[in-house]
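The values are calculated or read from the model by the stated rules, or taken from the named source; none is laboratory data. All values reported here derive from a predicted model rather than from experimental measurement. Every residue, glycine as well, gets a Cβ built from its backbone with ideal geometry; the counts of neighbours run over all protein chains shown.
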Amino acid sequence: MLKFSCDYMEGAHPHILNRLSTINLEKNDGYGMDEYTESARAKLRIMCGIPDAEVHFLMGGTQTNTIVLDSILRFNQGVLAPTTGHINVHEAGAIEGCGHKVVPMKAANGKIDILALERHLHLLKVECDVVGWEHYVAPRVLYVSFPSEYGSLYTLDELRQLRTICDKYDLYMFVDGARLGYGLASPYCDVSLSDMAQLCDVFYLGGTKVGALFGEAVVVTNPELTIPRGLIKQRGAMLAKGWLLGIQFDTLLTSPTDDFTDTLYYKISRNAVEMAMMLREGMVAKGYEMHIDSPTNQQFFIVDNARLPELSRKVGFDSFAAYDEYHTVIRFCTSWATTVTQVDALLEVV
């Protein structure tokens, strides 16, 4: 069966497996204090243009979101997120489990509605200045995903607008970058890695979905913030064999020029987007209607329900949402490892 249901179905890029095999019998210091992890940290700092950025390597997206937000938020503080945001929909209340509320904000195609966000914050401030903040969940962090859960991208101007709102209302901005490579490598993206680092307070570069066996690289760009190693340990996220994370990112971020766009990470991300564009063009040519105009590796189409049983026997996809009584929105995901042959085979099936 062809499988396009998500973008973390393959293991890891062969370069990573080869390097892991090469160092397999080496003895390395544990808990992320090894030379490979430090090399990966140094590369990220250079590519972000922030030499003193704090960098941590964690295992997965939910763990990362939880630890980052738990390190920032205090007892009565919450995080604002799009209604479709991963922390609001797909993380089983992990943030609330740490005692912090996720406050959903109006969204369109996965992106937060900027005007609605500012209006919410303005009205909340007016009310709380009268009644008292002690009665409310105080917003402290704005969470956005890049790309969004719908594959959409914020423009550089939109990110700057969000930054301005955060500064006005004393919020930190946290970018979930589980698929960051697929966003930055899109031909429709006008945001660079250094832009991202300058505009937000914390973000992460996802590896689990982009070529690594597992792992997310957290970059804390705001010197006022820190993620205590003790918190990472307490949350069960401090990998004893930390070099297994470090060497994966050290491999993905290797570049002959220290330019992010020359890294293996960027190049394999671009492959996923190119395959997605090929898939999209083929589906549209066959008469399928797009549900969302996604410029990244997630592609959404409206399919007649009568067609689904036959299609599901031949290809794996995600049933994203009901469109109406007779149609369903399905999602196909390409990945860093998707080939032209696989896309051609999918188009033949549909």
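Below, the figures for the structure above:
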read-out: Count of the range 80-117 residues which are crowded, with 16+ Cβ neighbours inside 10 Å, out of contact with any Gly (no Cβ under 8 Å at 6 or more places or on another chain) and in a helix (DSSP H, G or I); value: 6
read-out: All helices (runs of 4 or more DSSP H) inside the range 258-350 with 2 or more residues being modelled with pLDDT of 95 or more and within 25 Å of the chain's Cα centre (by Cα); value: 264-285, 340-349
read-out: Matching residues in the range 134-158 - criterion: being aliphatic (A, V, I, L, M), under 18 Å from Tyr188 (Cα atoms) and crowded, with 17+ Cβ neighbours inside 10 Å; value: Leu153
read-out: Failed item in (1) outside any loop (DSSP other than H, G, I, E, B); (2) within 20 Å of the chain's Cα centre (by Cα); (3) surrounded by 17 or more Cβ atoms within 10 Å (Cβ to Cβ), with His120 passing the rest; value: (2)
read-out: Test for Thr226: is it of a type outside the set (Asp, Glu), at pLDDT 95 or above and over 29 Å from Ala185 (Cβ atoms); value: yes
read-out: Residue list for the range 124-175, filter: among the hydroxyl-bearing types (Ser, Thr, Tyr), over 24 Å from Glu224 (Cβ atoms) and out of contact with any strand residue (DSSP E or B) (no Cβ under 8 Å at 6 or more places or on another chain); value: Thr155
read-out: Positions within the range 324-350 being out of contact with any Asp or Glu (no Cβ under 9 Å at 6 or more places or on another chain) and of a type in the set (Ser, Thr, Tyr), in sequence order; value: Thr339, Thr341
read-out: Residue among Ala276, Ala285, Ala217 that is among the aliphatic types (A, V, I, L, M), buried (at least 24 other Cβ atoms within 10 Å of the Cβ) and in the same structural domain as Tyr323 (by TED's automatic domain parsing); value: Ala276
read-out: Number of positions in the range 31-65 that are surrounded by 21 or more Cβ atoms within 10 Å (Cβ to Cβ) and closer than 26 Å to Glu96 by Cβ; value: 6
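Each row is one residue, and each column tells you yes or no for (1) part of a helix (DSSP H, G or I); (2) in contact (Cβ under 8 Å) with a residue 12 or more places away in the chain; (3) of a type outside the set (A, V, I, L, M, F, W, C).
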residue	(1), (2), (3)
Gln161	yes, yes, yes
Cys166	yes, yes, no
Ala178	no, yes, no
Cys189	no, yes, no
Thr208	no, yes, yes
